[in-house]
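A short reminder: the numbers here are calculations on the coordinates, not readings from a lab. This one's a predicted model, so the numbers in the text were calculated from it and none came from an experiment. Note that we place each Cβ from the backbone using ideal geometry, even for glycine, and neighbour counts take in every protein chain shown.
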Amino acid sequence: MCGIVGYNGNEKAVDILLDGLSRLEYRGYDSAGIAIEKNKKIEVIKAKGKLLNLKDKLNKKNLDGTCGIGHTRWATHGEPNEINAHPHVSNDGTVTLVHNGIIENYQELIQKLEKHNYVFYSQTDTEVLANLIDYYYKKYKMGPIDAINRTMVRIRGSYAIAVMFKDYQDEIWVARKDSPMIIGKDKNGTYLASDVPAILKYTKNVYYIDNLECACLKKDDVTFYDLNGDKIEKELNEIKWDVSSAEKEGYEHFMIKEINEQPDVIKKTINSLIFDNKIKLENANLNEEDLKSFDNLYIVACGSAYHVGICAQYIFEDLARIPTRVEIASEFRYRKPILNKNTLVIIISQSGETADSLAALREAKNKGVKTLAIVNVVGSSIAREADYVLYTLAGPEIAVATTKAFSTQLIAIYVLATELAKINKKINNEYYNELINEIKNIPEKIQIILNTLTEKIQKFSSKFSNIHDAFYIGRGLDYAISLEGSLKLKEISYIHSEAYASGELKHGTISLIEDNTLVIGIATQEEIYEKTISNLVEVKSRGAYVIVITTEDKDVSKVANDTIIIPKTNKYFSPSLSVIPLQLIGYYITVSKGLDVDKPRNLAKSVTVE
Ligand code: AGP
């Protein structure tokens, strides 16, 4: 939920830290701060509000140290103000620390530390961490490794921390459990960050630090230690993303850039799963024998990833005829799900760090069930802990509202469902090849939608900038994608919206329809098209303003105030096409309201706390 950065090298640290924080603002931005160490003196500068406020403060200083840490905050404990902003410092300044995560037992630790005369200036759990490390550092006099390891054993919760000790010049110490952290190295120094985009400009060479490990970042090297304080050798990995993918490249917002990147990243994802018109899941170390062993599926995710799961449920059951249940991760983990040895639990997650999804994965593994992760971030916690991993190749997704990651997750589902249908002999070779060819046509059809509809949607979206409610309705896969359309609107425009199975409206919600209530109907599913249209007639007759998203062979002029025509595709793959106008509608209505599209209020890109 927050973003941490660190740099230790030959360059001025302030510039690198601020650049890194600006690329992590999507993780949280109610306050920010940095600490720079020089000649064993650590200076801390913090500011409430956007990163710009911190930059203004720093412009008045000349901090030329080359070792420092930084933090951009999404408040969990203590209101967003300068006092609660990170970095936090232990009572006598020995320890300075930034933290992403939540310390669950911080209250009991405050009591323990107060007995040893520690006092607290903030309302945060992070300050407790700084003083606890200081406490062990002074009590056992064994240095940073011992102090950090003892702290990790004593606390409960999630954390990615970067620590500087006043007595240890030109060293940054890090540790993590469950919160994300990436460590980079190049000829100019060593780097740490909560996420890849913050260091991608400097290096593609990264280490992955595992849970309950700590490390020391010096100017030219990184040393890792386990909980016993023994050294651990680590491989340096190369990130495959290019720097430009973490820049706006002339687009006004990351979101519109990422919407337009979809044809390309979908093609990349397809090419990583289909070779010479054959599906190859070896990259996920999934072979035919494994796939045959599963006779039921659980799909577990949050937010938009959960909406992919809803789509997947329809597709796996209808195409592959395999019983499938989709669950919200935060519910799954407390519901005592009925899993058996032939269950495959599929976790879908862009970040691979969503706390509830990670916990659900662990819950499934604890029950001895095989797990498949469909994730976008290489080396993320969910990717590393699942039995099988299918990577989406969406590249870094900066906008809080997911678009390209969502679309590449759909591709992974289509491919998996098609392969399962073939293995389970639910489809013949001819249809198998037809499905594969149609999957390969998706990027081009999305490009057609972007080319032909963007301007139209941009024009009519301003009509809706002052509405207070919107409804998205559909049946089957059209209902599943209406959930995503509704979320795309409400999470960035702050307009209340709801998605409904259109057959369900008559059971209560239709009473909310008034004159000019916006209702967006998705009607692409042939078998139930007429039903959806009749539901739209019902809301229209009650005064609704109706927008219909349908295919080129349909005429909805009698019911639609506005019509959005998309190309036809196989019914299973329609979500990939109908979601594009829904993304554009959410984006352009938000832009017409003058809101911060990429960093909507109260939201963070990756929800790494419960
Ligand atoms: C989608 O626009 C949201 N940003 C959010 O619902 C997101 O999909 C959800 O938090 C899951 O994140 P994940 O895919 O990284 O697990």
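See the values below:
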item: Distant-in-sequence amide H partners of Cys2 (H built 1.01 Å from N, under 5 Å); result: Trp74, Gly101
item: Between the range 547-605 and the range 57-86, the Cα center-to-center distance that results, in Å; result: 39 Å
item: Loop chymotrypsin sites (Phe, Trp or Tyr not before Pro), the range 203-273 (other Cβ atoms within 10 Å of the site Cβ: 15 or fewer; DSSP); result: Tyr251
item: Candidates per GluC sites (Glu not before Pro) in the range 475-568, loop by DSSP, up to 10 other Cβ within 10 Å; result: Glu514, Glu552
item: Rounded, prolate or oblate (a/c below 1.5 giving rounded, otherwise prolate when a/b exceeds b/c) for the range 85-132 by Cα gyration tensor; result: oblate
item: Semi-axis lengths (Å, descending) of the ellipsoid that matches the C-alpha gyration tensor of the range 143-210; result: 23, 16, 8
item: The range 235-361: translational diffusion in µm²/s, Stokes-Einstein, Kirkwood Rh over Cα pairs, 20 °C, 1.002 mPa s; result: 125 µm²/s
item: The range 83-164: trypsin sites (Lys or Arg not before Pro) in DSSP loop, at most 15 other beta carbons within 10 Å; result: Lys141, Arg156
item: Ranked Thr517, Thr371, criterion: other C-beta atoms within 10 Å, fewest first; result: Thr517, Thr371
item: Relative frequency of Cα-Cα separations exceeding 22 Å in the range 176-252, percent; result: 26 percent
item: Rg/Rg_globular for the range 29-72, with Rg_globular taken as 2.2 N^0.38 Å and Rg from C-alpha atoms; result: 1.11
item: Cα gyration tensor shape for the range 1-81, rounded if a/c is under 1.5, else prolate or oblate; result: prolate
item: Candidate aspartates and glutamates - alpha carbon under 16 Å from Lys112, same-chain residues fewer than 8 apart omitted; result: Glu104, Asp125, Glu127, Asp134
item: Whole-number D in µm²/s for the range 245-320 (Stokes-Einstein; Kirkwood sum over Cα pairs; 20 °C, 1.002 mPa s); result: 139 µm²/s
item: Against the rule of thumb 2.2 N^0.38 Å, how large the Cα Rg of the range 394-453 comes out; result: 1.37
item: Sum of -39500 (n - 2.57) over DSSP H runs of 4+, divided by residues of the chain (222 nm, nearest 500); result: -11000 deg cm²/dmol
item: Charge dipole (debye, nearest 20) of the chain; +1 at Cβ of Lys and Arg, -1 at Cβ of Asp and Glu; result: 740 debye
item: Per-selection Kirkwood Rh - the range 65-114 (Cα, Å, 1 d.p.); result: 12.6 Å
item: 12 Å reach of a label modelled at Asp290, 7 Å along Cα-to-Cβ, counting backbone N of the range 346-387; result: 370-374, 386-387
item: Among Val44, Ile102, Ser122 the positive-end extreme of the charge dipole of the range 27-150 (Cβ point charges); result: Val44
item: Cross-link table Lys50/Lys138; Lys463/Lys531; Lys177/Lys268; Lys257/Lys370, entries beyond 30 Å C-alpha to C-alpha; result: Lys50/Lys138; Lys177/Lys268; Lys257/Lys370
item: Order of Met255, Met181, Met142 under a 10 Å beta carbon neighbour criterion, fewest first; result: Met142, Met181, Met255
item: Straight-distance crosslink candidates among lysines, where the alpha carbon sits under 16 Å from Lys187 and sequence neighbours closer than 8 are dropped; result: Lys12, Lys201, Lys204, Lys218, Lys219
item: Whole-percent pair-distance distribution, where bins are 5 Å wide, for the alpha carbons of the range 94-175; result: 3, 16, 30, 28, 18, 5, 1
item: Estimated D of the chain in µm² per second, where Rh is the Kirkwood radius over Cα pairs and Stokes-Einstein applies at 37 °C, 0.692 mPa s; result: 130 µm²/s
item: Per-q log10 I(q)/I(0), the range 408-493, q = 0.15, 0.22 Å⁻¹ (Debye; single scatterer per alpha-carbon; no solvent); result: -0.80, -1.20
item: Part-to-part distance (alpha-carbon centres) for the range 431-479 and the range 141-167, which is given in Å; result: 49 Å
